[in-house]
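Written below as structure tokens is the structure these notes are about.
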Amino acid sequence: MAHLSINGLHMYYGDAHAVRGVDLEVPDDQFTVFVGPSGCGKSTMLRAIAGLEDIGAGTIAIDGEVMNDIRPRDRNVAMVFQNYALYPYMNVFDNIGFGLRARKFDKQEIGRRVHEAAQMLGLEDYLDRMPRQLSGGQRQRVAIGRAIVRNARLFLFDEPLSNLDAQLRDDMRAEIKRLHQEIRQTMVYVTHDQIEAMTLGDRIVLLRDGLVEQEGTPFELYDQPATKFVASFIGSPRMNFIPVELVGDPGAPAVRFDADTQLALPSPGGGRYDAHIGRELLLGVRPEHMRHTREDGTRPGVEVLTVLVDLVQPTGSRVYASFALAGTEVMAELEARDVPSVGDRLEMLVDMNRAILIDPDTERTL
Amino acid sequence: MSGTTPSRAAGPAGFAGRKPWWQRDRTRRMAGRLIAVAFLLLFFLFPIYWLFVISIKTPDEIYSSPPVWIPDGFHLDAYIALFEDGDVQAIWNSLLVASVSTVLALLFGTMCAYSLARYRTGGIHLGLWIISQRMIPPIAIVFPVFLLYVMVGWVDTYRGLIVLYTTFNVPYVIWMMRGYILDIPLELEQSALVDGCNHWQVFVKVVFPMVRSGLFATAVFTFIFAWNDFVFALIVTRDAVTTFPVQITHYFGAQSTFWSKISAMSVLGTLPVMIAVGLLQRFLVRGMTMGAIKG
């Protein structure tokens with residue numbers, strides 16, 4: 001139970017300006033994910049919250065109390081590190097109980113809490129083992145156990161799953177999510193993986209070059225990306241960006257790909273696009289928002305586009321079909337039963353309700 | 001191992017096609033290795049054997065020519081003489097001086113090394129400068145030190161030798177321990193800080209156990225340095241705190257040389273080091289960071 005506020009945060013690594021003025025609220029009991037490409041400052045910020053890095057300017061406050069000069073151990077936060085950071089000379093029990101012993105809890109209480117945490121994480125049979133006798137996933141559980149026994153008010157996760165293989169990562173991701181549902185504590189989680197961010201986060205903070213690019217719920221970032229960067233970072237396969245010209249009349253805009261291809265846009269409230277008519281823009285369409293005509297009838301805002309398929313990538317559950325449009329390679333995600341062949345002419349249904357328009361000069365969404 | 005492969009590959013004939021064991025490549029290679037090992041062992045162990053047998057020979061056997069390779073009996077006269085004359089006090093002196101200076105050097109050296117490794121105290125080159133202090137030949141500073149000790153009255157005292165050996169060993173400890181400390185994953189210490197330790201507790205509860213095997217290895221070397229030192233001990237002691245290497249020189253007389261005493265004293269002086277190395281061997285070779293980090 002803690003509310004984290006970051007105000008005007010600047011951080012430096014030698015000459016590098018790693019965090020360049022971040023203002024952020026992390027609400028109580030929420031699972032907040034810091035996501036972004038490497039070097040965006042997300043881990044640096046997390047470590048600053050834990051008190052492991054010096055702050056250049058600004059404040060970090062937990063429950064209204066400014067933490068800048070408080071020692072890590074007095075912040076009452078718990079942190080899980082990417083490489084687990086288990087003590088190799090201690091068994092699992094002692095590793096989990098380390099923080100309690102450092103805080104001088106009595107033996108019985110330590111035993112009770114360690115067993116409780118071990119039970120929650122399925123580690124009861126491993127309490128006597130040494131870390132080197134555990135698998136990667138078990139080690140990560142021990143690291144999580146060490147964090148949860150403390151009943152800290154704020155949990156910090158620094159890319160905890162990136163050392164695990166793909167299958168285990170999916171399992172542990174689900175476990176962490178379940179853990180949050182059970183203990184309902186404020187958690188801040190750092191990852192470079194947008195899928196982890198989407199699946200785990202109540203809120204996502206997308207960082208880029210030491211600044212917040214956009215924050216919001218996973219669906220806000222997915223459906224209403226503020227910038228081209230957010231649009232391409234969130235979602236997999238990534239969004240298609242197609243150069244278009246905005247044409248048509250005020251109140252009834254359309255996008256033109258080339259001389260004889262154009263699609264109508266659902267008219268947005270208040271003539272949002274009117275001022276841009278006649279401009280070169282970028283149309284953003286997610287692969288999953290294109291369908292094969294055979295599938296269903298049309299709805300308002302769903303437009304038909306005839307394309308020539310030049311690449312087909314089946315994955316089993318889905319098929320990715322690529323085609324050229326306005327000089328760009330565009331990918332559509334189709335149902336598995338719709339496997340087209342290279343050279344097929346497809347009538348593609350494009351859901352323009354979910355498409356976005358991006359100003360190429362500012363790279364912001366219109 | 002590869003020696004068995006061709007015979008197995010010989011086909012359905014199976015074991016019928018195998019050569020008798022004494023003709024197999026594997027046996028021959030093994031025999032060659034054993035002979036080489038035996039020769040090397042003889043080469044390195046003979047001096048130790050010779051040292052030991054002289055200490056239990058009678059004077060006649062010592063001086064006989066050709067030499068007596070295996071003495072007739074077990075004559076402990078030399079050892080008894082060392083104990084009766086109180087000469088073994090020198091072993092005790094060596095033990096005390098070497099142990100105390102080793103503990104002190106490890107204590108101060110490890111703390112310095114931690115500071116150098118984690119807080120970059122003195123910049124990145126200070127470590128190199130410190131180890132360079134160790135490279136000064138002892139003989140170059142022993143007389144200035146002697147004059148200093150005369151002034152402060154530390155000649156022929158335990159503290160005189162202890163301070164000298166500690167001073168000489170600290171740079172070595174700093175250099176070695178700095179390396180071991182740099183090998184500790186930083187996250188282990190940071191995790192302890194977040195979990196509720198202060199910096200001192202991190203040092204005791206995380207750094208110390210992590211570098212324990214390195215600490216023992218370093219201890220063996222610092223102990224041996226103090227134990228084997230001759231130059232310092234010769235110059236700054238008289239008779240009260242004579243260490244055993246210096247004591248041995250007392251048996252080289254103008255008229256005669258007491259070979260049996262020399263050799264008995266040498267055996268007594270070698271034993272503690274051999275025992276220490278034997279006991280600590282486990283730590284000398286064991287890697288402690290396994291399992292901390294996936295990799």
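The values are calculated or read from the model by the stated rules, or taken from the named source; none is laboratory data. Model, not experiment: these values are computed from the prediction. Note: ideal-geometry Cβ built from the backbone for every residue, glycine included; neighbour counts use all protein chains shown.
List every residue pair whose Cβ atoms sit under 6 Å apart, with the two residues 6 or more apart in sequence or on different chains, where the first one lies in region A:128-153 and is more than 11 Å from chain B (Cβ to nearest Cβ) and farther than 9 Å from residue A:86 by Cβ and the second, anywhere, is surrounded by fewer than 24 Cβ atoms within 10 Å (Cβ to Cβ) and not aliphatic (A, V, I, L, M).
Here the result reads A:128/A:91; A:153/A:76, each pair linking region A:128-153 to a residue that is surrounded by fewer than 24 Cβ atoms within 10 Å (Cβ to Cβ) and not aliphatic (A, V, I, L, M).
Can you name every one of the strands (runs of 3 or more DSSP E) wholly within region A:187-282 that holds 2 or more residues which are closer than 30 Å to residue A:80 by Cα?
A:203-208, A:211-216
Select from region A:189-228 the residues that are closer than 19 Å to residue A:46 by Cβ, more than 11 Å from the chain's Cα centre (by Cα) and of a type in the set (Gly, Ala, Ser) and list them in ascending order.
Passing the criteria: only A:210.
Determine whether region B:225-244 contains at least one residue that is surrounded by fewer than 23 Cβ atoms within 10 Å (Cβ to Cβ), without any contact (Cβ under 8 Å) to a residue 60 or more places away in the chain, part of a helix (DSSP H, G or I) and away from chain A (no Cβ under 14 Å).
Within region B:225-244, one or more residues are surrounded by fewer than 23 Cβ atoms within 10 Å (Cβ to Cβ), without any contact (Cβ under 8 Å) to a residue 60 or more places away in the chain, part of a helix (DSSP H, G or I) and away from chain A (no Cβ under 14 Å).
Would you call residue A:343 modelled with pLDDT of 85 or more, assigned to a loop (DSSP other than H, G, I, E, B), out of contact with any Gly (no Cβ under 8 Å at 6 or more places or on another chain) and under 22 Å from residue A:258 (Cα atoms)?
yes
Give the residue that is surrounded by the most Cβ atoms within 10 Å (Cβ to Cβ), with candidates limited to residues of region A:78-111 that are in contact with a helix residue (DSSP H, G or I) (Cβ under 9 Å, 6 or more places away or on another chain) and among the polar types (S, T, N, Q).
Ranking the qualifying residues of region A:78-111, first place goes to A:95.
Give the residue, chosen from A:188, A:142, A:114, that is crowded, with 22+ Cβ neighbours inside 10 Å and under 22 Å from residue A:34 (Cβ atoms).
A:188
From B:196, B:153, which residue is on the phi > 0 side of the Ramachandran plot, away from every other protein chain (no Cβ under 14 Å) and without any contact (Cβ under 8 Å) to a residue 60 or more places away in the chain?
B:153
Of all residues in region A:37-94, count the ones that are within 20 Å of the chain's Cα centre (by Cα), within 8 Å of chain B (Cβ to nearest Cβ) and among the aliphatic types (A, V, I, L, M).
1
Can you tell me how many residues in region A:5-45 are of a type in the set (A, V, I, L, M, F, W, C), more than 16 Å from residue A:215 (Cα to Cα) and part of a helix (DSSP H, G or I)?
0
Suppose the filter is exposed (fewer than 14 other Cβ atoms within 10 Å of the Cβ), farther than 20 Å from residue B:188 by Cα and hydrophobic (A, V, I, L, M, F, W, C); does residue A:16 pass it?
When the stated conditions are applied, residue A:16 passes them.
Any chance you could count how many residues in region B:199-224 are within 9 Å of chain A (Cβ to nearest Cβ) and part of a loop (DSSP other than H, G, I, E, B)?
Adding up the residues that qualify gives 0.
Could you pull out the residue among A:48, A:61, A:2 that is closer than 18 Å to residue A:153 by Cα and in a loop (DSSP other than H, G, I, E, B)?
Just one listed residue meets the conditions, A:2.
Hey, can you tell me all the residues within region B:83-98 that are surrounded by fewer than 17 Cβ atoms within 10 Å (Cβ to Cβ) and in contact with a Gly (Cβ under 7 Å, 6 or more places away or on another chain)?
Result: no residue meets the conditions.
May I ask you to verify whether residue A:175 is surrounded by fewer than 20 Cβ atoms within 10 Å (Cβ to Cβ) and either within 14 Å of chain B (Cβ to nearest Cβ) or not hydrophobic (A, V, I, L, M, F, W, C) (or both)?
Here the answer is yes, as residue A:175 does meet what is asked.
Take residue A:304 and decide whether it is of a type in the set (A, V, I, L, M, F, W, C), more than 29 Å from the chain's Cα centre (by Cα), in a strand (DSSP E or B) and crowded, with 18+ Cβ neighbours inside 10 Å.
no
Do you know which residues across region A:50-77 are crowded, with 16+ Cβ neighbours inside 10 Å and closer than 16 Å to residue B:199 by Cα?
A:50, A:51, A:52, A:53, A:72, A:73, A:75
Quick grid of which residues meet (1) of a type in the set (A, V, I, L, M); (2) free of Cβ contacts under 8 Å to residues at least 24 places away in the same chain; (3) farther than 30 Å from residue B:170 by Cβ:
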| residue | (1), (2), (3) |
| --- | --- |
| B:57 | no, no, yes |
| B:62 | yes, no, yes |
| B:67 | no, yes, yes |
| B:71 | no, yes, yes |
| B:76 | yes, yes, yes |
| B:83 | no, yes, yes |
| B:88 | yes, no, no |
| B:94 | no, no, no |
| B:102 | no, no, no |
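Listed here are the residues, each with its yes/no results for (1) within 17 Å of residue A:238 (Cα to Cα); (2) crowded, with 19+ Cβ neighbours inside 10 Å; (3) in contact (Cβ under 8 Å) with a residue 24 or more places away in the chain; (4) not hydroxyl-bearing (Ser, Thr, Tyr).
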position: A:313; (1), (2), (3), (4): yes, no, no, yes
position: A:341; (1), (2), (3), (4): no, no, yes, no
position: A:346; (1), (2), (3), (4): no, yes, yes, yes
position: A:354; (1), (2), (3), (4): yes, no, yes, yes
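Of the residues in region B:158-193, how many are outside any helix (DSSP H, G or I) and either among the polar types (S, T, N, Q) or more than 11 Å from every other protein chain (Cβ to nearest Cβ) (or both)?
Of the residues in region B:158-193, 1 are outside any helix (DSSP H, G or I) and either among the polar types (S, T, N, Q) or more than 11 Å from every other protein chain (Cβ to nearest Cβ) (or both).
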